[in-house]
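Peer 1: Right, I'll just put the structure down here and ask away after.
The values are calculated or read from the model by the stated rules, or taken from the named source; none is laboratory data. Just so it is clear, the structure is predicted and the values come from calculations on it, not from any experiment. Using ideal geometry, Cβ is built from the backbone for each residue, glycine included, and neighbour counts are taken over all protein chains shown. Side chains included, ligands, DNA and RNA excluded: accessible areas come from the protein's heavy atoms. Shrake-Rupley method; radii C 1.70, N 1.55, O 1.52, S 1.80 Å.
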Amino acid sequence: AAKTPGLLTEEDAALVTFQKDEEGAMNSLGTFLQIEMLKFNKLLKKMATSLTELQRAIKGTVVMSAELDSMFQALLLQRVPDMWSNVAYLSLKPLGSWFKDLV
């Protein structure tokens, strides 16, 4: 969980990206980027929470659920866990390449 990227914020973008015109409308790039940022941040949050829960389950402080066990097996086989791929962009890459592409 410590190596997952931080959440994306509008402050990280150029000033003109989310700027509104005189009618109060944002340009199409800003609108698209906001939607993509929401999706990406949802994935990052899911990754961070599930990795933390998996670490706790491996230590024995929480019960290893079927979902966490499935995630653990996927990680062992270098596959993207289903709980991540359900909220992520489509990709057929193995876990290492997928994560490298993510960051």
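Peer 1: Only residues that are touching a residue at least 40 places away in the same chain (Cβ under 8 Å) and either open to solvent by 100 Å² or more (accessible area, probe 1.4 Å) or assigned to a helix (DSSP H, G or I) (or both): list them for the range 67-103, please.
Peer 2: Hits for the range 67-103 are Trp84, Leu102, Val103.
Peer 1: Further question on the same structure: Residue by residue through the range 16-56, note down the ones that are hydrophobic (A, V, I, L, M, F, W, C), over 20 Å from Ser85 (Cβ atoms) and either touching a Phe, Trp or Tyr at 6+ places or on another chain (Cβ under 9 Å) or modelled with pLDDT under 90 (or both). Can you show your working first?
Peer 2: The initial filter retains those residues of the range 16-56 that are hydrophobic (A, V, I, L, M, F, W, C), namely 16, 18, 25-26, 29, 32-33, 35, 37-38, 40, 43-44, 47-48, 51, 54.
This time we only want the ones that are over 20 Å from Ser85 (Cβ atoms), so: 16, 18, 25-26, 29, 32-33.
Selection gives Val16, Phe18, Ala25, Met26, Leu29, Leu33.
Peer 1: Can you find, within the range 24-55, the residue that is nearest to Gly6 (Cα to Cα) among those that are open to solvent by 100 Å² or more (accessible area, probe 1.4 Å) and charged (D, E, K, R)?
Peer 2: Restricting to residues being open to solvent by 100 Å² or more (accessible area, probe 1.4 Å) and charged (D, E, K, R), the top hit is Lys45.
Peer 1: Determine the pairs where a residue that is without any contact (Cβ under 8 Å) to a residue 12 or more places away in the chain and farther than 18 Å from Leu8 by Cα, located within the range 19-36, has a partner that is of a type outside the set (Gly, Ala, Ser) and part of a loop (DSSP other than H, G, I, E, B) with Cβ atoms under 7 Å apart, the partner being 6 or more residues away or on another chain.
Peer 2: Met26/Phe18
Peer 1: Is one or more of the residues making up the range 59-66 open to solvent by less than 100 Å² (accessible area, probe 1.4 Å) and either closer than 19 Å to Gly6 by Cα or not in a loop (DSSP other than H, G, I, E, B) (or both)?
Peer 2: So in the range 59-66, the residues open to solvent by less than 100 Å² (accessible area, probe 1.4 Å) come out as 60-62, 64-66.
Adding the requirement that they be either closer than 19 Å to Gly6 by Cα or not in a loop (DSSP other than H, G, I, E, B) (or both) leaves 66.
Scanning the range 59-66 turns up at least one residue that is open to solvent by less than 100 Å² (accessible area, probe 1.4 Å) and either closer than 19 Å to Gly6 by Cα or not in a loop (DSSP other than H, G, I, E, B) (or both).
Peer 1: Then there's this: Looking at the range 16-23, can you tell me whether even one residue there is open to solvent by 90 Å² or more (accessible area, probe 1.4 Å) and touching a strand residue (DSSP E or B) at 6+ places or on another chain (Cβ under 6 Å)?
Peer 2: Scanning the range 16-23, I find at least one residue that is open to solvent by 90 Å² or more (accessible area, probe 1.4 Å) and touching a strand residue (DSSP E or B) at 6+ places or on another chain (Cβ under 6 Å), so the answer is yes.
Peer 1: Something else: Name the residues in the range 1-15 that are outside any helix (DSSP H, G or I), modelled with pLDDT of 85 or more and either more than 30 Å from Phe72 (Cα to Cα) or open to solvent by less than 60 Å² (accessible area, probe 1.4 Å) (or both), would you?
Peer 2: Gly6, Thr9
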